Amino acid sequence: MLGNVTLQVPVGTIPRYLYQGWNQQGWNCGFTAITDGLQTYYCSGEGDTWFAPHIDVLTAKAGEGVDLSVVLNADRPVVGFQFDLYLPDGVAVTTDDEGYEDIFLSTARTTTRKHELTAQQQANGSWRVLCYSNSNQTFEGNEGEVCTIHVSTSAGLEGNGYPIILRNVITSYLNDNAEVEQSERSELTSYINFFTPEPLLFGDANNDKSVNVTDIATIVSYIMGRIPSKFVFSLADAYPDGKINVSDITATVSIILNGNSQQPAPRRKARSNAEAQVSAGTVTANLEVIPFAIASGEEKEVEVVLNNPDDDFTGLQFDLVLPDGIELVSDDIGYFVDLGSRTTSRKHTIEAALQGDGSIRVMAYSSRNSNFTGSEGDVVKLTLKADNNLKAGVYNIQLKNIVLSQANGNDINQMEPADYEGSILSGLIAENPIIKGDITAEAATVISNSMAESVTSIDLTQAVAVAEDAEFTTANTNTLILAPAATKNVSKNVIAGDVCANLVLSDAAAFATPKAFSATKATVNRTVNANSYATVAVPFALDETQIKAAFGNDATIYAYNEASEVGNVINLTFKTATSAEANVPFLALTSTPQTSLIFDEVEVAKGIPVKTISNVSFCGNYNGQVTLPENDFFIAQNKLYRSTGKSQISGFRAYLTISGTNVKEMYLDIDGQATSISGINEIATTEDIYDLQGRKVLRMDRGVYISSGKKMIK
C-alpha cells in the first residue's frame, strides 16, 4: 500500500523517527521546502503505512494555553494505543478543579461507550496515556485526531524547536484474521515553536484580514462538507475547542456584531454524563424526535424538539441518521428541512447536507444571534417519506453529534453524550416491540394505536423517560408496559423497573410476561359464579388471606392431586388447599359471586400455567377466548363437558387434556367424595348454538336455542 506522510519542523532539525521508524520500512524520506523558518519533510513508499499516534509541529504564544492534538493515521483497524508524554521545560499538562488532567478522548472517531481514555503522571514527570476498548472496538475512519492534551506555557518561552516526545509508543490493531496485534515500541518527537505573532483575527475563516459575512458562509460550507478553497482552520475555530461547528458560527457572529476579535475561552466538557443532555454548570437541555408513526408510502412532517428549561440557545447542529426504507425528502434545491415554531426565517437560517457516512447534517444558526423563543417545542421540521414496501415494525431514528450554542461566546455548550435515539412505528405491529425515545402522552397514543392484539408487552426500558400522564390503551387490554425504574407513571400495567402499581387483566385478552415482577395491586376481570366449581389460573402465588379476600370469606380452593386410569375410565382427585402456586391451575368454590378478583402484593412469575399428573394435564389459559381442540374437557355449572372442537373457554380459566387414551368416562373426586362433576356431558351439535338473545352459548340448559337457523328445545 502506498503511504504518504508530511511534517514541518524547524530548519536544521531532523525528526528522529524519520530514520528510526519510516526508513526501516523502506520508505523514501527527505525535505521539500523551507517556509517561514520551517522545512517540510515527506516520506512515501510501498509497504505498511506508519500507524502510531503522533503530535504535529505547532506554534503557540508563550504564556497561553494550547491544545496538543494527538493524531492517528492508519491503514488498518486500530483498537487502542498508549504512550509516555515528555514535555519541554516551561510546558505542563493542566488539570481541572478536581485535579484531573486535561486529557480528553476525541469523539469524532469514537465514543466513551467504545473506548476508555485514562492518564497518570509517572515518577519521572512524564504522563502515561492509555486508550483501550473492552470489546475490541476500533476507531472510525483512517485518519484524524484521537485525543487532545491541554497544556500551559510559561511566559518567557521564545524560539523554535521545543521537543514534545512520545516514548514507549504502542498501537494495538486488528490483523486480517481479526486478531489483536501490537506494533513495535517506538519513539516519536514533535516540536512546539514559541513566538509573538501579530494579533489573529479569530473568525477570519478565509484569512482575508477581516471578519465579515463571507467568513460565516465559509464556515457554513466547511461544516456542511463543502470544503472551501480558502479556509484556515485555526482562525475559523472562533470558539476554540479544536472543532468546527455551529458554535464557531455563533462566536463569529458575535465578533462581527460586537467588534470583538478576542477568542473566547472554551468551556471544558464534563468528564462523564449518563444522560443525553447538555452538562455545564446548571445548564440542562436535550434535543429529540418524539416517537411517531408513518405508513408505507406516506410522506410526513416530523418535529425535532428542543427542551431547554434553564438556558437560552441561538444555534444548533446535528447529524440525522435514518433507517433503511425512510428518507428525508429532497428536490433540486435541497432537503426539505424547515425552521420550527420557535423561530422564523428573519431570526434563523437552516441548512442541510449529505455527509460521507450517509448521515444528513442539519444546522440552524442566527445572523443576529437571536435565541429560540420559549423553553420547549419544535425548532426544526423534517419532511420524511417511507418506501411503498416498508414492512410493519419499529425502526430507529438517531440524532448524533449534537451541538447547541448560546449567544454569549463564552457560554457555548455541547451535548454529552452527543446522540439521541428514538423510534419510528410503521404498520400494525404484531410482535412485542422495543421502543426508544421520550415517551410523552402523545407518543403513548401513537404506540397504542400501532399495536395488534397479539402484542402482550412493550419494552420501553431503553426510553429516555415515560411521562406521568402517558396512557396506553392498546388493542390488547392486557399489554404490559416495561418502563425505566425511575418512571412515575401509575397507569395500569406499567412496570417501572420490577414493580407494577396497578396490574389489570381481562379474561377476553391474551396475557404473557417476559419477566417476573411485583404487583402492588392485581385485578383479574372474570366472573366466578356462586356455588359452582370454577377453574382458575393466575400467574402469581396466593396465600390463604389473599384467597379469602378475592373469592369470599367462605371460599375454598382445591388443588389437582392425583390421576388414575382403569380401562377407559379416568379418575381425577382434587384436595382442599390453603394456598396456590403461581401458574398452577386450581378449582375454587364460593357462595359469593364475583365479577372481578382483586389481589394485593403479589409476585408475578413467568411460565406456562399447567399441572400434569400421569397422562392428564390441567391446563390454564392465558390467551383470552380460545377454542378448545376436540376431546379436551372443561367444567361448567358443576358438569364436565367434552369439547366438540368448537367449544370455547375464556382467559384465566383451565381445562383438561388427556394424551394416549380414548376416554369413555371421567370422574372427579374432591376431598375423597364423588361430586356432581362426574361422567362426561356431550354437546350434541357441532354447530354454534345461540340463545334467543343471539348470544353464543357453550352449553344448553333447559330452554329454547337456535342452531343452523333452526330452533332447538331442551
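The values are calculated or read from the model by the stated rules, or taken from the named source; none is laboratory data. Predicted, not measured: the structure shown is a model, and the values here were computed from it. Glycine gets a Cβ as well: all are built from the backbone with ideal geometry, and neighbour counts include every protein chain shown. What goes into the accessible areas is simple: the full protein's heavy atoms, side chains included, and nothing from ligands, DNA or RNA. Shrake-Rupley method; radii C 1.70, N 1.55, O 1.52, S 1.80 Å.
Results, tabulated for the structure shown:
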read-out	value
Among the residues listed as 427, 393, the single one being on the phi > 0 side of the Ramachandran plot and either open to solvent by 30 Å² or more (accessible area, probe 1.4 Å) or of a type in the set (Ser, Thr, Tyr) (or both)	427
Cβ pairs under 6 Å, 6+ apart, first in the stretch 99-114 and open to solvent by less than 30 Å² (accessible area, probe 1.4 Å), second basic (Lys, Arg) and outside any loop (DSSP other than H, G, I, E, B)	none
Residue within the stretch 228-236 that is touching a strand residue (DSSP E or B) at 6+ places or on another chain (Cβ under 6 Å), within 26 Å of residue 112 (Cβ to Cβ), modelled with pLDDT of 70 or more and aromatic (Phe, Trp, Tyr) present	no
The stretch 177-208, residues that are at pLDDT 85 or above and either in a strand (DSSP E or B) or open to solvent by 60 Å² or more (accessible area, probe 1.4 Å) (or both)	177, 178, 179, 180, 181, 182, 192
For residue 79: the one exception among (1) open to solvent by less than 30 Å² (accessible area, probe 1.4 Å); (2) modelled with pLDDT under 90; (3) part of a strand (DSSP E or B)	(2)
Pairs where the first residue, in the stretch 339-355, is farther than 16 Å from residue 399 by Cα and the second is open to solvent by 30 Å² or more (accessible area, probe 1.4 Å) and part of a loop (DSSP other than H, G, I, E, B), C-beta under 6 Å, 6+ apart	342/373; 342/374
Candidate set: the stretch 433-462, residues that are open to solvent by 20 Å² or more (accessible area, probe 1.4 Å) and among the hydrophobic types (A, V, I, L, M, F, W, C); chosen: the one farthest from residue 625 (Cα to Cα)	441
Selected residue (criterion: nearest to residue 364 (Cα to Cα)) from residues of the stretch 322-337 that are of a type outside the set (Ser, Thr, Tyr) and touching a Leu at 6+ places or on another chain (Cβ under 8 Å)	337
Residue within the stretch 554-568 that is without any contact (Cβ under 8 Å) to a residue 24 or more places away in the chain, in a strand (DSSP E or B) and farther than 18 Å from residue 624 by Cα present	yes
Every residue from the stretch 500-534 that is open to solvent by 20 Å² or more (accessible area, probe 1.4 Å) and touching a helix residue (DSSP H, G or I) at 6+ places or on another chain (Cβ under 7 Å)	none
Of all residues making up the stretch 609-623, the number that are in a loop (DSSP other than H, G, I, E, B) and at pLDDT 95 or above	2
Residue check for residue 125: open to solvent by 10 Å² or more (accessible area, probe 1.4 Å), within 24 Å of residue 62 (Cα to Cα), in a loop (DSSP other than H, G, I, E, B) and modelled with pLDDT under 90	no
Pairs where the first residue, in the stretch 635-656, is at positive phi and the second is part of a strand (DSSP E or B) and among the β-branched types (Val, Ile, Thr), C-beta under 8 Å, 6+ apart	638/675; 638/677; 645/627; 652/524; 652/536
